1. I'm told Thr283 meets every condition in (1) within 22 Å of the chain's Cα centre (by Cα); (2) of a type outside the set (Asp, Glu); (3) assigned by TED's automatic domain parsing to the domain that holds Asn63 except one. Can you identify the failing condition by its number?
2. Quick check, is Tyr103 in contact (Cβ under 8 Å) with a residue 60 or more places away in the chain, of a type in the set (Phe, Trp, Tyr) and touching a Gly at 6+ places or on another chain (Cβ under 9 Å)?
3. In the stretch 374-396, which residues are acidic (Asp, Glu) and modelled with pLDDT of 95 or more?
4. Can you go through Ala257, Ala205, Ala244 and tell me which one is at pLDDT 95 or above, crowded, with 16+ Cβ neighbours inside 10 Å and within 19 Å of Pro162 (Cα to Cα)?
5. Given the conditions (1) touching a residue at least 40 places away in the same chain (Cβ under 8 Å); (2) crowded, with 23+ Cβ neighbours inside 10 Å, report the number of the one that Ile292 does not fulfil.
6. Residues of the stretch 41-91 being in a loop (DSSP other than H, G, I, E, B) and free of Cβ contacts under 8 Å to residues at least 40 places away in the same chain, which ones?
7. For the stretch 260-287, how many residues meet the condition of being within 25 Å of Asn56 (Cβ to Cβ), crowded, with 20+ Cβ neighbours inside 10 Å and not aliphatic (A, V, I, L, M)?
8. Restricting to the stretch 41-54, count the residues that are at pLDDT below 95 and hydroxyl-bearing (Ser, Thr, Tyr).
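The values are calculated or read from the model by the stated rules, or taken from the named source; none is laboratory data. Computed from a predicted structure; not experimentally measured. With ideal geometry, Cβ positions are generated from the backbone for all residues, glycine too; neighbour counts draw on all protein chains shown.
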Amino acid sequence: MLYTSFRDFRILHLALCLAILAGAAVIPHASAEDDQIQLPRSMAWTAYNLGTTGYNQAVAIGNVLQNHYGLSLRVLPGQNDISRLMPLRGGRVQFSANGVATYFAQEGLYQFAESEWGPQPLQMLMSSNGLSNQGLAVAANTGITALSELRGQRVAYVRGAPALNVSTEALLACGGLNWDDVQRVDFPGYNAMWDGIINGDVDAAFAATVSGPTRRLEASPRGIRWLDMPHDDEACWDRLLEVAPYYRPHMATRGAAISDDNPQEGGTYPYPILITLADMDETTVYSLTRVITENYDRFKDADPGAIGWALERQVFDWVVPYHAGAVRYWREIGVWTDEHEAHNQRLLERQRVLADAWEEARAAGGRGPAFAENWLSIRAERLEAAGFNPDWHGGP
């Protein structure tokens, strides 16, 4: 699937991949099918900021690749969704350990509704589905104990990071609030946001419960408290899912101030999600998916969230399609069903509808808010005509 506005980027991306693969060697592997694993000598990913659980997990996987397959992995931290996906789109990295912004980028929503972006042909290899949640934490010394009590309080917002901001909006909705009911405090990046809450500049911030910066808040004089999303509160969850339908209820047993004895009643979604572009070499994707899965025991203890990469914790019917190379491996080991295939094909069709709608919007011309408004209108109309739910029509 080609997007005219990004053809140069995709040509560069393909050229770089071919150059890497041309110098690749088959790395020895302890199995009867050694010749099926073909990895380049070096590879680059983007991930979340230094110290986050997403970054730590990517580095742990990189250590396995280096120590057992001779592949040098460079992990580039990005402070927001745009900075993580720009290198992937431009061909400077081959994969990204990304978050739910993967879906926003696929859909061409929020920051990706701008004329310079549009819907991206992103595809999954696998994802981490751990024992943690993604939620709103407050400094314990604020005395805030429920989402509804955030009214009038200072809540963090990260510029250029819809994955964080939409999820924050969804949790506010769970408490019967929106951005107008709180004091929004803007930050340039994820780590800056957490520095802000530790320093007393803001009262609430969004994170995975196992994210590194949450431990710093826990250890600080302010302390940390996670605000529950009560599973029996249907009104809360109805409001939440209207904003963020990618969530599901989950009891977390890992994270800052969270344990088996002190679980957190909240919600979760896959994070990080290992993604690439649709035109990435199938053999490379197959090999990477297989190597990560078969070497899980070598990195599972490197980070509290790394347990989520286990085979039995994979989710094959999420909202972004799987790459053909990954499907090849999942089918090979017998975990990819006919239902998964039907679901995946439907998601690929959705991406094709989005690509056509984007070309239509581009042909209509314009820039700025007027372009985005027209694109979102065309997007919703074309998805509905093809039998898809548009889910979102705009953003905060």
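1. (1)
2. On the way: in contact (Cβ under 8 Å) with a residue 60 or more places away in the chain: yes; of a type in the set (Phe, Trp, Tyr): yes; touching a Gly at 6+ places or on another chain (Cβ under 9 Å): no.
No.
3. In the first step, residues of the stretch 374-396 are kept if they are acidic (Asp, Glu); the result is 381, 384, 391.
Glu381, Glu384, listed by residue number.
4. Values: Ala257 fails: within 19 Å of Pro162 (Cα to Cα); Ala244 fails: at pLDDT 95 or above.
Matching residue, one of Ala257, Ala205, Ala244: Ala205.
5. Ile292 satisfies every listed condition except (2).
6. First, the residues of the stretch 41-91 that are in a loop (DSSP other than H, G, I, E, B): 41, 48-52, 70-71, 78-80, 91.
Of everything in the stretch 41-91, those that are in a loop (DSSP other than H, G, I, E, B) and free of Cβ contacts under 8 Å to residues at least 40 places away in the same chain turn out to be Arg41, Gly78.
7. Going residue by residue through the stretch 260-287, those that are within 25 Å of Asn56 (Cβ to Cβ) are 260-264, 266-277, 280, 284-285, 287.
Imposing the further condition that a residue be crowded, with 20+ Cβ neighbours inside 10 Å reduces the set to 264, 266-277, 280, 284-285, 287.
From the residues that got through so far, the ones that are not aliphatic (A, V, I, L, M) too are 264, 266-272, 276, 284, 287.
Total satisfying the criteria: 11.
8. As a first pass, look at the stretch 41-54 and keep what is at pLDDT below 95: 48-54.
Checking the rest, the ones that are also hydroxyl-bearing (Ser, Thr, Tyr) come to 48, 52-53.
Residues meeting the conditions: 3.
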